[in-house]
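Accompanying notes for the structure given below.
Just so it is clear, none of the values below were taken in a lab; they were calculated from the coordinates. Quick caveat: nothing in here was measured; it's all calculated off a predicted structure. Counting neighbours? That spans all protein chains shown, and the Cβs are built from the backbone with ideal geometry, glycine included.
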Amino acid sequence: MQSILITGGAGFIGSHVVRLFVKQYPDCRIVNLDKLTYAGNLENLRDIEDAPNYVFEKGDIVDAEAMFALFEKYQFDGVIHLAAESHVDRSIANPMEFIHTNLVGTVNLLNAARHFWKDISGKRFYHISTDEVYGSLGDEGLFTETTAYDPRSPYSAAKASSDHFVRAWHHTYGLPVVISNCSNNYGPNQFPEKLLPLFINNIINSKPLPVYGKGENVRDWLYVIDHARAIDLIYHKGQIGETYNIGGHNEWKNIDLIKVLCKIMDQKLSREAGTSEKLITYVKDRAGHDMRYAIDASKIQEELGWKPSLQFEEGLSKTIDWYLANKAWMDNVTSGEYQNYYTEQYEKR
Ligand code: NAD
Ligand code: TYD
């Protein structure tokens with residue numbers, strides 16, 4: 001039986017990747033390694049936790065010895081590495097955590113793979129990264145796979161460093177790696193610190209919607225299951241040593257997106273038109289706030305035949321429906337540590 005290690009599988013994107021692999025590859029053992037930080041929640045995987053080809057292991061990728069022991073135990077054929085600290089605002093408040101997990105943790109996994117993969121045939125180390133490594137765009141242009149790295153936040157700097165280390169392990173030690181850099185994801189199970197779930201939750205609870213700066217920053221949004229489909233394709237068919245950009249061809253200025261969200265929320269909650277928009281509150285801008293991200297995804301489309309399957313309107317509506325139907329999930333993940341952190345951050349603004 002083949003064994004694949006998926007790190008960060010209890011998080012937002014990871015849980016969708018774990019589910020897809022567990023269902024699609026019943027003859028393959030899927031090991032989900034996750035530290036269960038504030039962002040990791042096993043509730044995200046309740047529906048597949050009893051599948052015979054699924055195993056959960058709690059662990060920290062920063063713990064090199066534990067990663068070697070894990071490789072020894074399962075003799076992995078492949079790794080899909082998603083575990084990371086993922087929120088830019090947290091990286092501004094506490095950069096060291098990002099250096100430990102995103103950089104040191106990634107190098108620990110590279111070392112373990114290199115040690116156990118004396119024979120590299122059929123092996124693959126797939127590192128999941130972000131378009132934020134390329135920096136910030138002006139009004140024109142798109143990030144391609146050859147755009148120079150120019151990370152500007154502690155989060156993107158740590159992710160960019162980890163991408164460099166993954167490539168270094170390929171060029172120096174011959175480790176069979178592949179990397180993808182994706183734009184902003186949205187969908188079910190995203191922790192409500194990121195824009196869309198935070199604002200959906202605040203609208204439900206009639207709380208202010210904190211728009212950073214003038215709300216003119218642009219992001220390229222992709223439905224999370226389309227990202228998971230791309231990850232499946234790249235894991236199985238991507239060329240070793242290559243990088244693939246993944247994006248939604250779906251650019252939105254924050255304030256325009258927020259206004260559309262407000263309108264749909266009013267309809268779905270049967271509130272008077274304009275109710276949610278009144279919650280919009282302009283707050284101090286994020287430090288170093290990148291203006292625009294946008295991906296040219298033509299390489300993955302031309303070489304692997306991937307393109308986004310969902311229109312944004314449909315994806316957004318499905319996403320809102322999920323959060324409305326899963327209030328217990330929201331209450332659970334927003335209790336305790338989260339509440340303290342965000343009350344503090346909000347009061348500072
Ligand atoms: P997330 O924060 O929702 O989940 C991260 C997961 O990693 C959590 O389950 C957490 O418990 C786990 N984790 C954190 N530190 C760990 C450690 N030291 N050891 C083991 N597990 C640990 O993140 P996400 O949004 O699902 O992002 C997943 C990956 O995709 C990240 O590498 C991120 O950089 C990348 N990415 C995210 C987006 C996006 O829009 N969310 C876009 C492009 C790329
Ligand atoms: P976010 O979801 O944090 O993703 P990223 O910073 O990785 O792109 O933020 C998306 C955009 O929304 C970004 O331009 C920052 C902005 N934003 C707000 O205006 N208010 C908020 O409360 C948050 C969380 C984000």
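Counting only alpha carbon atoms, the long axis of helix 195-204 and the longest principal axis of the chain meet at about 40°. In region 250-289, the ratio of gyration radius to Kirkwood radius, Rg to Rh, stands at 1.07 when only Cα atoms are counted.
For the residues Tyr173, Tyr54, Tyr323, a GNM of the chain with alpha-carbon springs under 10 Å puts the largest fluctuation on Tyr173. Against the main long axis of the alpha-carbon atoms of the chain, helix 254-268 sits at an angle near 70°. Taking a quarter of the surface of the Cα convex hull of the chain gives a mean projected area of 16.5 nm².
Short-range pairs are left out: with C-alpha atoms under 8 Å and at least six residues apart, the relative contact order of the chain is 17 percent.
Helix 106-116 and the longest principal axis of the C-alpha atoms of the chain enclose an angle of approximately 20°.
With θ taken as phi - 60° and the Karplus curve 6.51 cos²θ - 1.76 cosθ + 1.60 applied, the whole-hertz 3J(HN,Hα) list for region 29-44 is 7, 9, 9, 9, 9, 8, 7, 6, 6, 3, 8, x, 8, 5, 4, 4 Hz, x standing for glycine and proline.
So, in Å, what gap is there between the alpha-carbon centers of region 1-33 and region 213-259? Measuring centre to centre over Cα atoms gives 21 Å.
Where a ≥ b ≥ c are the square roots of the eigenvalues of the C-alpha gyration tensor, would you call region 77-184 rounded, which needs a/c under 1.5, or, failing that, prolate if a/b is larger than b/c, or oblate? Oblate is the answer for region 77-184, as a/c is 1.5 or above yet b/c matches or exceeds a/b. About its Cα centre, the chain has a charge dipole of approximately 240 debye under the convention of +1 per Lys or Arg Cβ and -1 per Asp or Glu Cβ, with nothing else charged. Remark: the Glu43-Leu269 segment gains 78.8 nm on full extension, using 0.36 nm per residue and subtracting the alpha carbon distance.
Considering only His100, His171, His81, the Gaussian network model of the chain with Cα springs below 10 Å gives its largest mean-square fluctuation to His171.
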